[in-house]
Amino acid sequence: MAGRLIVVSNRIPTGEGGAGGLIVALHDALAGTGGVWIGALPDAADAPGETLQALSEEPYSRLGYTLSQEEMENFYLGFSNSVLWPLCHRRPDLVELRLEYDASYRSVNRRVARLIAGIADPDDTIWVHDYHFFPLAAELRACGLHNRIGFFLHIPFPSLGDLSVLAQPEDFADWLAHYNLVGLQTQADVARALEMFRADPRAEFMMDGTVKFRDRITSVRSFPIGIDVESFQRDAAAEEERPLGREAPETYLIGVDRLDYSKGIPNRFLAFGRYLETRPHGERPCLLQIAPPSREKVQAYHDITRELEEIAGHLNGAFAELDWTPLRYIHRNVPRHRLARLFRGARGCLVTSYADGMNLVAKEYVAAQDPADPGVLILSRLAGAAEELSDALLVNPYDIDDIANAIEQALSMPLPERQRRHASCLAKVKANDAASWARAFLNVLSVVPGTLAWPGGIDQFADGELL
Ligand code: GDG
């Protein structure tokens with residue numbers, strides 16, 4: 001890469017708490033190019049920030065901008081998380097359309113583009129992350145930038161039908177076409193993105209697989225995201241020296257999710273209840289569910305929190321005994337190293353998302369297991385991770401009996417089968433770790449065709465030089 005790497009994400013890493021997979025994945029690429037990470041500062045202000053504030057210079061520069069209170073409401077909680085999030089997670093029924101959400105989304109993208117344009121050099125590569133910034137490349141191009149710009153969507157690509165719920169659905173393909181490379185989690189996401197372009201009269205498919213959209217060329221590819229496998233394995237193994245004691249029951253399954261309606265937690269609880277009704281005599285396993293709060297100001301998140309409390313109450317009311325509480329539901333954040341230990345001690349992990357870009361918990365659970373005596377991953381076939389982890393016990397998250405049967409199968413699975421399934425999943429998790437994901441994306445971004453369909457751009461075409 002000739003110039004610097006500029007990464008843009010909604011949140012700027014603050015350096016507090018453990019480094020997540022994304023930060024670790026991008027660290028080498030950023031540090032190696034003296035790169036820049038740009039994102040919103042955690043605290044909202046009275047007015048939108050018109051400058052970038054330097055947070056650190058080493059080993060790469062982190063620059064933050066402030067969102068105003070109004071932007072937090074309308075851009076972040078509003079358009080990003082009450083329109084795009086449900087739309088991409090196949091819940092158009094939860095979409096809340098409001099003019100002020102739409103206007104704020106566009107104006108934040110415009111402002112962030114101006115801020116980036118103020119610091120970008122012509123040979124810098126820009127990598128934009130996630131649904132908060134679909135229009136960012138279009139805004140950067142409007143500022144006159146011709147740089148290579150890549151986009152990675154961490155959540156599922158929406159279906160063509162769901163896209164038509166947007167007030168101006170035709171903008172969506174146009175926004176994406178301003179990126180040189182659109183990276184998605186799975187092949188299924190790529191298929192949905194190509195379906196959108198195929199249905200659009202402004203798009204044309206080129207012989208080399210790229211999409212020509214008006215005068216622009218874009219490429220769409222899948223790059224399944226991974227985790228920092230070694231650090232997770234180290235944490236899990238080191239923590240094993242510390243017994244779980246009363247932190248965990250003797251035999252338990254685990255679920256770990258940000259409390260989100262896309263994660264299928266109610267059906268997981270109901271399936272565990274179904275399993276308890278029919279379990280073999282004398283078996284008393286527990287389900288340990290860790291679900292830290294998320295986006296609580298959005299009504300749909302408030303509703304799912306209430307729903308889970310109700311189901312959890314019913315379940316324990318129906319099955320608990322004096323010395324056994326079948327469901328432990330922790331609505332709080334648990335430190336990362338303890339999470340690794342809890343994963344390692346669990347006989348199974350339940351990932352039952354109705355829709356999920358990837359689901360890193362599935363990969364973390366696999367990485368944390370003792371290969372000599374591994375637990376079993378029960379994985380929704382609608383989570384992105386199912387495309388790679390085909391040797392997990394794949395379930396239909398809408399089918400309570402199917403999940404209940406998988407629980408029974410996981411708890412009674414013979415050791416050789418557990419080892420075979422785990423070895424296959426671990427090989428895939430290792431082959432696609434966080435660092436190789438970042439490298440693969442940046443390598444492809446550096447070789448895909450430039451954005452303009454005509455070398456030298458449309459202006460040159462108009463001059464007649466290419467005629
Ligand atoms: C989006 C996409 C895609 C959860 N509870 C605690 C905790 N966690 C950690 C997990 C895991 C992460 O949060 C959750 O990652 P997921 O991938 O499962 O889900 P999203 O947050 O929705 O992420 C998703 C991802 O982007 C990456 O592209 O895979 O599909 O939705 O790392 O371990 N961590 C700690 N305490 C908790 O209580 N420390």
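The values are calculated or read from the model by the stated rules, or taken from the named source; none is laboratory data. These figures come from a predicted structure and were not determined experimentally. Cβ sites come from the backbone with ideal geometry, for glycine too, and all protein chains shown count toward neighbours. All accessible areas refer to the heavy atoms of the entire protein, side chains included, with ligands and DNA or RNA removed. Shrake-Rupley method; radii C 1.70, N 1.55, O 1.52, S 1.80 Å.
Per the conditions (1) within 16 Å of the ligand (Cβ to nearest atom); (2) within 16 Å of residue 427 (Cβ to Cβ), the sole criterion not satisfied by residue 361 is (2). Filtering the range 207-258 to residues that are in a helix (DSSP H, G or I) and either aliphatic (A, V, I, L, M) or in contact with a Ser or Thr (Cβ under 9 Å, 6 or more places away or on another chain) (or both) leaves 229, 236, 237, 238. Only one of the numbered conditions (1) open to solvent by 40 Å² or more (accessible area, probe 1.4 Å); (2) in contact with a Leu (Cβ under 6 Å, 6 or more places away or on another chain); (3) of a type outside the set (Lys, Arg) is violated by residue 208, and that is (2). Pairs meeting the criteria (first residue in the range 256-270 and in the same structural domain as residue 299 (by TED's automatic domain parsing), second residue open to solvent by 10 Å² or more (accessible area, probe 1.4 Å) and among the basic types (Lys, Arg), beta carbons under 8 Å, at least 6 apart or on different chains) are 257/263; 260/295; 261/91; 262/91.
Residue 459 meets all of the listed conditions (1) of a type in the set (Asp, Glu); (2) at pLDDT 90 or above; (3) surrounded by fewer than 18 Cβ atoms within 10 Å (Cβ to Cβ) but one, namely (2).
For (1) of a type in the set (Ser, Thr, Tyr); (2) assigned to a helix (DSSP H, G or I); (3) outside the structural domain of residue 214 (by TED's automatic domain parsing), each residue gets a yes or a no:
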{"site": "80", "(1), (2), (3)": "yes, yes, no"}
{"site": "86", "(1), (2), (3)": "no, yes, no"}
{"site": "104", "(1), (2), (3)": "yes, yes, no"}
{"site": "108", "(1), (2), (3)": "no, yes, no"}
{"site": "123", "(1), (2), (3)": "no, no, no"}
{"site": "156", "(1), (2), (3)": "no, no, no"}
{"site": "171", "(1), (2), (3)": "no, yes, no"}
{"site": "176", "(1), (2), (3)": "no, yes, no"}
{"site": "179", "(1), (2), (3)": "yes, no, no"}
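Among residues that are within 9 Å of the ligand (Cβ to nearest atom) and within 25 Å of the chain's Cα centre (by Cα), residue 378 is not included.
Given the structure, is residue 29 open to solvent by 10 Å² or more (accessible area, probe 1.4 Å), touching a Leu at 6+ places or on another chain (Cβ under 9 Å) and closer than 17 Å to residue 4 by Cα?
So residue 29 fits the description; yes.
So how many residues does the range 176-191 have that are within 16 Å of the ligand (Cβ to nearest atom) and surrounded by fewer than 19 Cβ atoms within 10 Å (Cβ to Cβ)? Here the count works out to 3. Take residue 342 and tell me if it is in contact (Cβ under 8 Å) with a residue 24 or more places away in the chain, away from the ligand (no atom under 12 Å from the Cβ) and of a type outside the set (D, E, K, R). No, not satisfied. Close contacts from the range 27-41, counting a first residue that is farther than 14 Å from residue 119 by Cβ and in the same structural domain as residue 14 (by TED's automatic domain parsing) and a second that is among the basic types (Lys, Arg) and outside any loop (DSSP other than H, G, I, E, B), with Cβ to Cβ under 7 Å and a gap of 6+ residues or different chains, come to 40/11.
Conditions tested, residue by residue: (1) within 16 Å of the ligand (Cβ to nearest atom); (2) not hydrophobic (A, V, I, L, M, F, W, C).
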| residue | (1), (2) |
| --- | --- |
| 384 | yes, yes |
| 395 | no, no |
| 416 | no, yes |
| 422 | no, yes |
| 428 | yes, yes |
| 435 | yes, no |
| 447 | no, no |
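Only one of the listed residues (75, 79) is free of Cβ contacts under 8 Å to residues at least 40 places away in the same chain, touching a helix residue (DSSP H, G or I) at 6+ places or on another chain (Cβ under 6 Å) and of a type in the set (Phe, Trp, Tyr). That residue is 79. May I ask you to say which residue of 283, 240, 247 is more than 19 Å from the chain's Cα centre (by Cα), open to solvent by 20 Å² or more (accessible area, probe 1.4 Å), within 16 Å of the ligand (Cβ to nearest atom) and touching a residue at least 60 places away in the same chain (Cβ under 8 Å)? The conditions single out 247.
Exactly one residue out of 410, 404, 435 is within 14 Å of residue 373 (Cβ to Cβ), open to solvent by less than 40 Å² (accessible area, probe 1.4 Å) and in contact (Cβ under 8 Å) with a residue 60 or more places away in the chain, and it is 410.
Within the range 335-389, work out how many residues are in a loop (DSSP other than H, G, I, E, B) and open to solvent by 30 Å² or more (accessible area, probe 1.4 Å). Can you show your working first?
Just the residues of the range 335-389 that are in a loop (DSSP other than H, G, I, E, B), to begin with: 335, 346-347, 352-355, 357-359, 369-375, 381-382, 388-389.
Remaining after also requiring open to solvent by 30 Å² or more (accessible area, probe 1.4 Å): 335, 347, 354, 370-373, 381-382.
Qualifying residue count, the range 335-389: 9.
Considering (1) under 22 Å from residue 78 (Cα atoms); (2) in contact with a strand residue (DSSP E or B) (Cβ under 7 Å, 6 or more places away or on another chain); (3) modelled with pLDDT under 95, the lone condition that residue 306 does not fulfil carries the number (2).
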